[in-house]
1. Could you tell me the relative contact order of the chain? Use alpha-carbon pairs under 8 Å, at least six residues apart, and round to a whole percent.
2. Tell me which label goes with the value of mean projected area of the Cα convex hull in nm² computed from the coordinates here: [x] 21.1; [y] 16.5; [z] 18.3.
3. Please compute the net charge surrounding ILE272, taking Lys and Arg as +1 and Asp and Glu as -1 over other residues with Cβ under 14 Å from its Cβ.
4. Evaluate the distance, in nm, between pseudo-label points positioned 7 Å from the Cα of GLN158 and of PHE50 along their respective Cα→Cβ axes.
5. May I ask for the angle, rounded to the nearest 10°, between helix 29-50 and the longest principal axis of the chain, with both axes built from Cα atoms and the value confined to 0 to 90°?
6. In whole Hz, with x marking every Gly and Pro, tabulate ³J(HN,Hα) for the range 298-312 from phi via Karplus 6.51 cos²θ - 1.76 cosθ + 1.60, θ = phi - 60°.
7. Rounding to the nearest 10 and keeping the result within 0 to 90°, find how far the Cα-based axis of helix 340-351 lies from the longest principal axis of the chain.
8. Over the chain, with every protein chain in place, what whole percent of the accessible area is carbon and sulfur at 1.4 Å, could you tell me?
Amino acid sequence: MPLSYNNHRRTLTQFLIEERRRFPSASGDFNALILDVAIACKAIARAVAFGELGGVMGNHAAEEGGSVNVQGETQKKLDVLSNDVFIRRTEWAGNLAGMASEEMDVPYQIRGQYPRGKYLLVFDPLDGSSNIDVNVSVGSIFSVLRAPQDLDDMPRDQQRDVTEADFFQPGAMQVAAGYALYGPTTMLVLTVGDGVNGFTLDPSLGEFMLTHPHIQIPVDTHEFAINASNARFWEAPVKRYVDECLAGKSGPRAKDFNMRWIASMVAEAHRILMRGGVFLYPRDTKDPSKPGRLRLLYEANPIGMLMEQAGGRASTGEVPMLGVQPTSLHQRIGLVFGSKNEVERIERYHAEPIKHELDNPLFTERSLFRDARF
């Protein structure tokens, strides 16, 4: 394909410069940080694309029985590599006061030889990594927060270390959020608080090109995504919602739904941004010690900001996601996001729970989803 094909498209750099012109008082630090994140995503995309050829498949430190992160999850080699890429590509420029990641127990301190900046970066370096070995799309999720002022005001040798509490900011306080999707094409989907835009990596130029401007999620949908194997642990409002979807045209919704499940939230979010839908990973009773599966700071909040900026909605199922006050660095939470009308329906079912039993063979007492033998 000739290079002139993309001459009319804006690069990510051009897009950010134009956004900055709308805010003349802004410094270039923010743009520089986003571009560093984009470089990290390009490097990870290359590693993912090489797969087994690059020697990065399988569990980390497999010869020693594997390693486990703070989440209690076995780390893949690409988890560790991706985390390191994010750190090395972003810490040096003087834009960050600190970082937090799914793969690190505590906040990352910017090393002494580098200046500190006024932003905090939180990220899941490789979401959906359980799919790596079967060649299913994976991605990276990131969020940018403003650092507390006292981290930036003092001379470098007098600045305090960043603490966990510095990251405890509701999602509404995010300055930017986005994800990279490593699929048939590599995409960067970004919001800087003024809508959502999608950029596709042009491998011939090595540049992210604006290909999906002003993404908007349809308010209605006929698709939902949920892990149905957990049905026996769902709360009543979630059971009610799924039962009604499964009932199709003959049920109370009077229309047929399709059910999807990829087990890669980036891929789920991308599908919903492109064509609508609703994703549910709700709080359930499977493990009472965990009030949800997904992490608030570096998964639910950035995806929530993207959904809200694209005209969708993100929720715990009961309250808006972006209003939740974080209380711990790796806090887990239930998450529902996607087409606005469907998410609001689920919130309504939580606000007014009713006893609901549907005559559906999948959910009878000895059904596929309820029989304890399965």
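1. 14
2. Entry [x].
3. Values: positive: ARG260, ARG271, ARG275, ARG313, LYS340; negative: ASP220, GLU223, GLU268, GLU308, GLU342.
Result for the neighbourhood of ILE272: 0.
4. Each label point lies 7 Å from its Cα, and together they span 4.6 nm.
5. 60
6. Ordered by residue, 3J(HN,Hα) equals 10, 10, 5, 5, x, 5, x, 5, 4, 4, 5, 6, 9, x, x Hz.
7. So the helix axis and the longest Cα principal axis differ by about 60 degrees.
8. 52
The values are calculated or read from the model by the stated rules, or taken from the named source; none is laboratory data. Values in this document were obtained by computation on a predicted structure and should not be read as measured data. Every residue, glycine among them, receives a Cβ derived from its backbone with ideal geometry; neighbour counts consider all protein chains shown. Just the protein is used for accessible areas: all its heavy atoms, side chains included, with ligands, DNA and RNA removed. Shrake-Rupley method; radii C 1.70, N 1.55, O 1.52, S 1.80 Å.
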